[in-house]
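Comments concern the structure below.
Just so it is clear, none of the values below were taken in a lab; they were calculated from the coordinates. Since this is a predicted model, take the numbers as computed values, not measurements. Cβ: placed from backbone, ideal geometry, glycine included. Neighbour counts: every protein chain shown.
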Amino acid sequence: MAENRTFTMLKPDAVEKGHIGGILEQINASGFRIVAMKLTQMTKHDAETFYAVHNERPFFGELVEFMTRGPIVAAVLEKENAVEDFRTLIGATNPAEAAEGTIRKKFATSVGENAVHGSDSEENAAIEAAFHFSGREMF
Ligand code: DAT
Ligand code: MG
């Protein structure tokens with residue numbers, strides 16, 4: 001499996017609770033190389049655009065409200081099989097169903113406030129990375 005890139009956000013709940021260091025440590029220990037990273041806050045328009053695929057879902061308003069309530073850490077990660085391996089590392093969307101030792105099991109609060117985002121495909125990873133970073137900000 002070739003090296004590829006995934007996109008992640010440490011969500012407002014994780015930042016509020018002081019989990020940036022703990023989560024980055026686990027990402028680092030799992031072999032991901034950070035190729036871009038910043039602390040930023042999404043606007044309502046940003047969140048509505050980023051999560052547009054979910055705009056018909058009943059939780060969409062709640063999701064946008066949550067994702068804009070404070071700063072996030074946005075990052076691009078590189079590793080062999082990065083997209084799939086990062087989804088495994090974060091665990092199921094609902095932390096109650098996430099495997100033991102996964103980031104969401106350890107750091108998430110609820111299905112809505114689940115600490116981290118991970119891209120679901122290489123194609124979406126590239127779109128999501130470009131949403132937050134210019135080419136000059138990725139190394
Ligand atoms: P994931 O983040 O695991 O890719 P997703 O793409 O299905 O999950 O949903 C995006 C985000 O929307 C998810 O991280 C949290 C929120 N969400 C999903 N399902 C939800 C639900 N049933 N209730 C509240 N928020 C939900
Ligand atoms: Mg998703």
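Below is a table of values for the structure above.
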| read-out | value |
| --- | --- |
| Number of positions in segment 111-139 that are within 16 Å of ligand 2 (Cβ to nearest atom) and either in a loop (DSSP other than H, G, I, E, B) or not hydrophobic (A, V, I, L, M, F, W, C) (or both) | 15 |
| Of all residues making up segment 7-22, the number that are hydrophobic (A, V, I, L, M, F, W, C), in a helix (DSSP H, G or I) and more than 15 Å from Thr93 (Cα to Cα) | 2 |
| Residue check, Thr43 within 16 Å of ligand 2 (Cβ to nearest atom), out of contact with any strand residue (DSSP E or B) (no Cβ under 7 Å at 6 or more places or on another chain), free of Cβ contacts under 8 Å to residues at least 40 places away in the same chain and not charged (D, E, K, R) | no |
| Exclusive hit being more than 16 Å from ligand 1 (Cβ to nearest atom), within 23 Å of Glu113 (Cβ to Cβ) and among the basic types (Lys, Arg), set Lys11, Lys44, Lys38 | Lys38 |
| Candidate set: segment 103-132, residues that are under 19 Å from Pro12 (Cα atoms), more than 10 Å from ligand 1 (Cβ to nearest atom) and within 14 Å of the chain's Cα centre (by Cα); chosen: the one surrounded by the most Cβ atoms within 10 Å (Cβ to Cβ) | Ile103 |
| Test: Phe50 is within 11 Å of ligand 1 (Cβ to nearest atom), closer than 13 Å to Thr8 by Cα and in contact with a helix residue (DSSP H, G or I) (Cβ under 9 Å, 6 or more places away or on another chain) | yes |
| Single condition Glu100 does not satisfy, out of (1) surrounded by 17 or more Cβ atoms within 10 Å (Cβ to Cβ); (2) out of contact with any Ser or Thr (no Cβ under 6 Å at 6 or more places or on another chain); (3) not small (Gly, Ala, Ser) | (1) |
| Residue list for segment 86-103, restricted to those being within 14 Å of ligand 2 (Cβ to nearest atom) and either in contact with a Cys (Cβ under 6 Å, 6 or more places away or on another chain) or under 22 Å from Gln41 (Cβ atoms) (or both) | Ile90 |
| Residues of segment 52-102 satisfying the condition of being among the aromatic types (Phe, Trp, Tyr) and more than 14 Å from the chain's Cα centre (by Cα) | Phe59, Phe60 |
